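See below for the structure under consideration.
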Amino acid sequence: PPSAHSLRDLIDTLLHEMIHAYLFVAANKRDHDDHGPLFLEKMNEINRAAGTSISVFHNFRDEVNLYRVH
């Protein structure tokens, strides 16, 4: 079963991509790599309302820890 970290990463990543889709439709933003003011405003709004951790980066905590060499 997926860990809590993996599930949170998946949700945050899907929300990140959904913001791009929203801005594509609502603001005609066609640059998928754009993390400008409109993206950040919507990201912060969702994070505050939902307690999520959407960012402009993808964490993939478990995958990173799996391949980390000590």
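Filtered by the rule that a residue be exposed (fewer than 13 other Cβ atoms within 10 Å of the Cβ) and touching a helix residue (DSSP H, G or I) at 6+ places or on another chain (Cβ under 9 Å), segment 2-24 gives Pro2, Ser3. When residues in segment 15-33 are screened for being more than 15 Å from Phe57 (Cβ to Cβ) and not in a loop (DSSP other than H, G, I, E, B), 7 of them pass. If only residues of segment 41-56 that are more than 11 Å from the chain's Cα centre (by Cα) and among the hydrophobic types (A, V, I, L, M, F, W, C) are counted, the one that is farthest from Ser6 (Cα to Cα) is Ala49.
Bear in mind that the values in this text are calculations on the coordinates, not laboratory data. Bear in mind that the values here come from a model prediction, so they are computed numbers and not experimental data. Here the Cβ is made from the backbone with ideal geometry for all residues, glycine too, and neighbour counts use every protein chain on show.
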